[in-house]
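For reference, the structure is listed below as structure tokens.
The values are calculated or read from the model by the stated rules, or taken from the named source; none is laboratory data. Small disclaimer: the values here were computed from a predicted structure and weren't measured. Please note: Cβ atoms are built from the backbone with ideal geometry, for glycine as well, and neighbour counts cover all protein chains shown.
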Amino acid sequence: MNDSERRARKRYLLALVEERLRTGSLFFLAFILVKPIGVSTQFVILGGIVASFFDDELVIRDEASKSGYRSSNAYLNKSGGKYAKSVANPFNYSFIFVLCNALGGLLGRITQATKPGQDARPRIRQVPEYHRRKFGETPWDATCWPFAAA
């Protein structure tokens, strides 16, 4: 490795560390200012939103319940309809955080930085060999077909 390659590699690594520190700082700031970031329930809320397209009575307004909403689904009806309310009004901090994570992953993949000296868009195999043979070449195939088969 010659001097210019070493300098380019050093610049790349410094930029990588800077990016990680920036991301970590934002996460820490969000944790301190808003609340701990635990978003697993938001995937249930997303499922409830999709299910509500097929069942108009999945979540209904109910003034008698603690949250003002109730659901025919026992899990969504937990805690006085708290999750049912989130299905009816999903745009809160945690739900936006989950959507932005997915969007950020997509944008990161599209604009993926490369190491110095590489082609602009190297082919990265994200699909394990076993899944590639069974379901297909693209990440879309490797994600959707197993999910649909489940």
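Consider segment 1-51. How many of its residues are closer than 24 Å to Asn77 by Cα and within 17 Å of the chain's Cα centre (by Cα)? Before the answer, list the steps.
In the first step, residues of segment 1-51 are kept if they are closer than 24 Å to Asn77 by Cα; the result is 35-51.
Retained after the next criterion (residues that are within 17 Å of the chain's Cα centre (by Cα)): 36-50.
Final tally of qualifying residues: 15.
Does Tyr83 count as touching a residue at least 40 places away in the same chain (Cβ under 8 Å), over 30 Å from Gly108 (Cα atoms) and not polar (S, T, N, Q)? Answer is yes for this residue. Do we find a residue being surrounded by fewer than 13 Cβ atoms within 10 Å (Cβ to Cβ), touching an Asp or Glu at 6+ places or on another chain (Cβ under 9 Å) and either modelled with pLDDT of 90 or more or among the hydrophobic types (A, V, I, L, M, F, W, C) (or both) anywhere in segment 60-76? So far as segment 60-76 goes, yes, one or more of its residues are surrounded by fewer than 13 Cβ atoms within 10 Å (Cβ to Cβ), touching an Asp or Glu at 6+ places or on another chain (Cβ under 9 Å) and either modelled with pLDDT of 90 or more or among the hydrophobic types (A, V, I, L, M, F, W, C) (or both).
Here is a yes/no grid of residues against (1) in contact with a helix residue (DSSP H, G or I) (Cβ under 8 Å, 6 or more places away or on another chain); (2) among the β-branched types (Val, Ile, Thr); (3) farther than 19 Å from Ala30 by Cα:
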{"site": "Glu63", "(1), (2), (3)": "no, no, yes"}
{"site": "Tyr69", "(1), (2), (3)": "yes, no, yes"}
{"site": "Gly80", "(1), (2), (3)": "no, no, yes"}
{"site": "Gly105", "(1), (2), (3)": "no, no, no"}
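Counting only helices (runs of 4 or more DSSP H) that sit wholly inside segment 40-114, those with at least 1 residues that are within 30 Å of Ala15 (Cβ to Cβ) are 93-110. When segment 87-112 is filtered for residues that are of a type in the set (Gly, Ala, Ser) and surrounded by 13 or more Cβ atoms within 10 Å (Cβ to Cβ), the ones remaining, listed by number, are Ala88, Ser94.
How many residues does segment 1-55 hold that are more than 19 Å from Ser94 (Cα to Cα) and in the same structural domain as Ser71 (by TED's automatic domain parsing)? Can you show your working first?
In the first step, residues of segment 1-55 are kept if they are more than 19 Å from Ser94 (Cα to Cα); the result is 1-22, 51-55.
Filter once more, so that each one left must be in the same structural domain as Ser71 (by TED's automatic domain parsing): 51-55.
So the count comes out to 5.
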